[in-house]
Each structure stands twice: as structure tokens, then as C-alpha cells.
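Data block below; observations after.
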Amino acid sequence: MDAPITRAEHEEFCRRMESENQRLADEDRRLGRRVSALEDTTKQMQALTTSVEKLAVNMENMIKIQTEQGNRIDELEQEDETASLGAEIERLVANVENARRTQEQQGRCLETLEARDGEKWRQVTGYIITAVISIILGVVFAHLGF
């Protein structure tokens, strides 16, 4: 050992260590909050995925209904009752048109939801990169004595 340290040097070292420990504890709390935010984002993404799955099921059901309606139109075309056939066709055309509009709306909603997932992912990635860089710079500055 070179030379013993003075009491003042020891106290200064203790103060610096306490300060560093407090900074690290603050950093841990901050990172804990960020992890909680990431967990919330993950839950939102899971809910979004569930919504998209429900949307896909609804679209499949709508396609089945449209197919059934198309079959009913074919059957009605073969019948001789032109008066009731015209009204039924108009009703079916209106239903198909409504279904088409609904599909377009759902498609736009789906595109919006998919874009939001990508945006959230880029945002989360940015936070993680910022945290890693901050930790590295903190360690470097601590090692340099700043």
C-alpha cells in the first residue's frame, strides 16, 4: 500500500459513493417505470392482436353470409316470380353494398392499427437504445471521475 488516506479523503470518498448509490437507485426506479410502460405497451399490442383476430373472424362470417346471399340470388333468378325476385335482389344488393362498405371501413381500421404497432415498436426500440447509451455513458463518466 502506498500511503494511508486522510479522514477528509475518506469522508469525501464516502460522500461520493453515497451520491453514486443514490444516482444508481434513481436510475433503477426510472428504468423500472420504463419497463412498466413497456409492459403496458405489450398489453395494448396483445389487445390489438386480439381485436384483429376478431375482425378476421367477423370478415370470414361476412363472406359466408355473402356467399349464402349469392346462392339465394341464384335460386331466386331461377324462379318465375319476377316481382318478388326484383325486391329480393334489391335488398341483397343493398346488403352486399353495406357489407362492402363495412369491409372497406374494417380494412382502413386494420391498416391504421397495423401502422400503430410499427410506430409503437420503433418508439420502444428508441427508448431501449437511449437507456443502453445512457447507462454506458454513465459508467464511462463514473470511471473517468465526473
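The values are calculated or read from the model by the stated rules, or taken from the named source; none is laboratory data. Model, not experiment: these values are computed from the prediction. Glycine also receives a Cβ, built like all others from the backbone with ideal geometry; neighbour counts cover every protein chain displayed.
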Legend entry - Evaluation of Thr41 against (1) β-branched (Val, Ile, Thr); (2) assigned to a helix (DSSP H, G or I); (3) in contact with a helix residue (DSSP H, G or I) (Cβ under 9 Å, 6 or more places away or on another chain); (4) modelled with pLDDT under 90 (one fails), failing number: (4)
Inset, instruction - Being surrounded by 13 or more Cβ atoms within 10 Å (Cβ to Cβ) and not aliphatic (A, V, I, L, M) is the filter; apply it to the stretch 98-122 and report the residue that is farthest from Ile63 (Cα to Cα). - result: Lys120
Inset, instruction - Only residues that are in the same structural domain as Gln103 (by TED's automatic domain parsing), over 25 Å from Tyr127 (Cα atoms) and free of Cβ contacts under 8 Å to residues at least 24 places away in the same chain: list them for the stretch 19-61, please. - result: Thr50, Glu53, Lys54, Ala56, Val57, Glu60, Asn61
Inset, instruction - Taking Arg15 as the residue in question, decide whether it is within 32 Å of the chain's Cα centre (by Cα), outside the structural domain of Gly138 (by TED's automatic domain parsing) and more than 24 Å from Gly118 (Cβ to Cβ). - result: no
Inset, instruction - Take Ala56 and decide whether it is surrounded by fewer than 10 Cβ atoms within 10 Å (Cβ to Cβ) and either among the hydrophobic types (A, V, I, L, M, F, W, C) or modelled with pLDDT of 85 or more (or both). - result: no
Inset, instruction - Look through the stretch 78-97, keep the residues that are exposed (fewer than 11 other Cβ atoms within 10 Å of the Cβ) and at pLDDT 80 or above, and return whichever of them is nearest to Thr49 (Cα to Cα). - result: Glu97
Inset, instruction - Could you pull out the residue among Arg108, Arg29 that is assigned to a helix (DSSP H, G or I), modelled with pLDDT of 85 or more, of a type in the set (Lys, Arg) and out of contact with any Cys (no Cβ under 9 Å at 6 or more places or on another chain)? - result: Arg29
Inset, instruction - Tell me, yes or no, whether the stretch 88-105 has at least one residue that is hydroxyl-bearing (Ser, Thr, Tyr), part of a helix (DSSP H, G or I) and more than 30 Å from Asn71 (Cα to Cα). - result: no
Inset, instruction - Examine the stretch 59-77 for a residue that is under 26 Å from Leu31 (Cβ atoms) and either at pLDDT 85 or above or small (Gly, Ala, Ser) (or both), and state whether such a residue exists. - result: no
